[in-house]
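S.K.: Okay, handing you the structure first.
The values are calculated or read from the model by the stated rules, or taken from the named source; none is laboratory data. The model shown is predicted, which means the values in this text are computed figures rather than measured ones. Note that each Cβ is placed from the backbone with ideal geometry, even for glycine, and that neighbours are counted across all protein chains shown.
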Amino acid sequence: MKRKQQAGFTLLETMVSLFVLLAISAIVMNGMNQMMMTQGTIANRTEMHTSVRGATELLEQEIGQAGRIALPPRPAGAVGPWLMLTPIVVVANAPVTVAGVQFSPELTTLFAGEQLLVDTGFNQETITISNPVGGTWTAGPFYNSHGGIGVTVPISAPGAFSDGVLLPPVSTANTLKLFGDINGDGNMLYIEYTCVQGTAAAPGFLYRNQIAFNAAAKTWGAPPLPASTALLTNLGTNPGGTPCFTYQVQTSGPYTFITDVAVTLTELTQNADPQTHVKQSETKALLNVSPRNVFDAYLLARQGYTNRVQPMPPSVLNLSQ
């Protein structure tokens, strides 16, 4: 019997067509699903890398600046440098140490043991200040006369701190302590990085806290610290028990310096991977971060220029305890 052309598909042909259509649809949907999961994996890792990259770049910058000494900016409207106001008279080339030496009264960041460069030209020399009493200092030794009646001389703070990155055991495998003119604006800071390693179930943190270097006391305690101070909130455990911070120590004469800091951080993704259903991890290692100002002080000490190696301020010693 001859079939009419308008009869359409048979049931078998329809079923085969539907089967082919469903198979193609399943392949397309599976591909789209795979693309979505791959995109989820990439987004997870991108977010993780962005977070850890930002933290490590900040660490590199601040470790590099550690140890920089500076006098603060002059008050608004003030003109010229900071000054030594007390005239100094040296007779017959006999060096003198003078009590009651006064500097610009707005200069409140001087500390006992600090070395200052006074005057200009042939009279320029380095002195050490100590024993602050009522806004005045014991200063010397002076080998040259400076100033006179109504004549003041400029001062500056030369060199760098030998302890810009505090030595172990004050700085530890999980706590990095540093200080100096970190932002290059003349305002010296004391900074602590605290690394708390964790797991996928209980992620750890990298905290950062700062305070003026001459503050009376810290405003934070032991971890856990406020969430606002956390740079990273998904730290894992470093492979092989590697500490977050390790230090290279060099000595020159009576001085000890940290000339290199290695930083190792393992970051976890915020969300579980859509394909493996576990959190991904990435270990970021900065093996050679040099505090350049401390390194400069180390080189100066090796060459015998100890009047350019600044001591740790007593206030920083107090804050670091």
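S.K.: Against the definition (closer than 30 Å to Glu125 by Cβ, surrounded by 19 or more Cβ atoms within 10 Å (Cβ to Cβ) and touching a residue at least 40 places away in the same chain (Cβ under 8 Å)), how does Pro314 come out, yes or no?
M.R.: No; evaluated as a whole, the condition is false for this residue.
S.K.: Please indicate, with yes or no, whether at least one residue in the range 175-186 is free of Cβ contacts under 8 Å to residues at least 60 places away in the same chain and surrounded by fewer than 22 Cβ atoms within 10 Å (Cβ to Cβ).
M.R.: no
S.K.: Go through Gly253, Gly240 for me and flag whichever is closer than 23 Å to Thr199 by Cβ, at pLDDT 90 or above and out of contact with any strand residue (DSSP E or B) (no Cβ under 8 Å at 6 or more places or on another chain).
M.R.: Result: Gly240 is the single residue among Gly253, Gly240 that is closer than 23 Å to Thr199 by Cβ, at pLDDT 90 or above and out of contact with any strand residue (DSSP E or B) (no Cβ under 8 Å at 6 or more places or on another chain).
Each row is one residue, and each column tells you yes or no for (1) out of contact with any Ser or Thr (no Cβ under 9 Å at 6 or more places or on another chain); (2) at pLDDT 95 or above; (3) of a type in the set (S, T, N, Q).
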| residue | (1), (2), (3) |
| --- | --- |
| Val170 | no, yes, no |
| Leu178 | no, yes, no |
| Asp181 | yes, yes, no |
| Asp185 | yes, yes, no |
| Tyr193 | no, yes, no |
| Gln197 | no, yes, yes |
| Ser228 | yes, no, yes |
| Phe245 | no, yes, no |
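S.K.: I need the full set of residues from the range 150-160 which are surrounded by fewer than 19 Cβ atoms within 10 Å (Cβ to Cβ), part of a strand (DSSP E or B) and modelled with pLDDT of 95 or more, in order please.
M.R.: Pro154, Ser156
S.K.: Exactly one condition in (1) in contact with a Pro (Cβ under 8 Å, 6 or more places away or on another chain); (2) farther than 23 Å from Thr259 by Cα; (3) surrounded by 14 or more Cβ atoms within 10 Å (Cβ to Cβ) is not met by Gly67; state its number.
M.R.: (2)
S.K.: Consider Ala216 against the criteria (1) more than 25 Å from Gly54 (Cβ to Cβ); (2) surrounded by 16 or more Cβ atoms within 10 Å (Cβ to Cβ): it satisfies all of them except one. Which criterion is unmet?
M.R.: Status for Ala216: all satisfied but (2).
S.K.: Only one of Gly198, Gly148, Gly241, Gly236 is over 20 Å from the mean Cα position of the chain (by Cα), not acidic (Asp, Glu) and not assigned by TED's automatic domain parsing to the domain that holds Ser281. Can you tell me which?
M.R.: So the residue among Gly198, Gly148, Gly241, Gly236 that is over 20 Å from the mean Cα position of the chain (by Cα), not acidic (Asp, Glu) and not assigned by TED's automatic domain parsing to the domain that holds Ser281 is Gly148.
S.K.: With the checklist (1) of a type in the set (S, T, N, Q); (2) assigned to a helix (DSSP H, G or I); (3) at pLDDT 95 or above; (4) surrounded by 15 or more Cβ atoms within 10 Å (Cβ to Cβ) in hand, flag the one item Ser51 doesn't pass.
M.R.: If we test Ser51 against (1) of a type in the set (S, T, N, Q); (2) assigned to a helix (DSSP H, G or I); (3) at pLDDT 95 or above; (4) surrounded by 15 or more Cβ atoms within 10 Å (Cβ to Cβ), just (3) comes out false.
S.K.: State whether one or more residues within the range 234-253 are touching a residue at least 60 places away in the same chain (Cβ under 8 Å), of a type in the set (A, V, I, L, M) and surrounded by 17 or more Cβ atoms within 10 Å (Cβ to Cβ).
M.R.: Checked the range 234-253: no residue is touching a residue at least 60 places away in the same chain (Cβ under 8 Å), of a type in the set (A, V, I, L, M) and surrounded by 17 or more Cβ atoms within 10 Å (Cβ to Cβ).
S.K.: Being farther than 19 Å from Ser315 by Cα and in contact with an Asp or Glu (Cβ under 7 Å, 6 or more places away or on another chain) narrows it down to one of Pro75, Pro95, Pro158, so name that one.
M.R.: None of the others qualify; the one that does is Pro75.
S.K.: Right, something else. Select from the range 273-317 the residues that are small (Gly, Ala, Ser), under 21 Å from the mean Cα position of the chain (by Cα) and assigned to a loop (DSSP other than H, G, I, E, B) and list them in ascending order.
M.R.: Ser290 - this is the single residue of the range 273-317 that is small (Gly, Ala, Ser), under 21 Å from the mean Cα position of the chain (by Cα) and assigned to a loop (DSSP other than H, G, I, E, B).
S.K.: Can you go through Val90, Val101, Val79 and tell me which one is part of a loop (DSSP other than H, G, I, E, B), surrounded by 13 or more Cβ atoms within 10 Å (Cβ to Cβ) and aliphatic (A, V, I, L, M)?
M.R.: Exactly one of Val90, Val101, Val79 is part of a loop (DSSP other than H, G, I, E, B), surrounded by 13 or more Cβ atoms within 10 Å (Cβ to Cβ) and aliphatic (A, V, I, L, M), namely Val90.
S.K.: If you take the residues in the range 114-149 that are assigned to a loop (DSSP other than H, G, I, E, B) and surrounded by fewer than 13 Cβ atoms within 10 Å (Cβ to Cβ), which one is modelled with the lowest pLDDT?
M.R.: Here the residue is Ile149.
S.K.: Could I ask something else about it? Kindly indicate whether Leu107 is in contact with a Pro (Cβ under 7 Å, 6 or more places away or on another chain) and surrounded by fewer than 19 Cβ atoms within 10 Å (Cβ to Cβ).
M.R.: The answer is no for Leu107.
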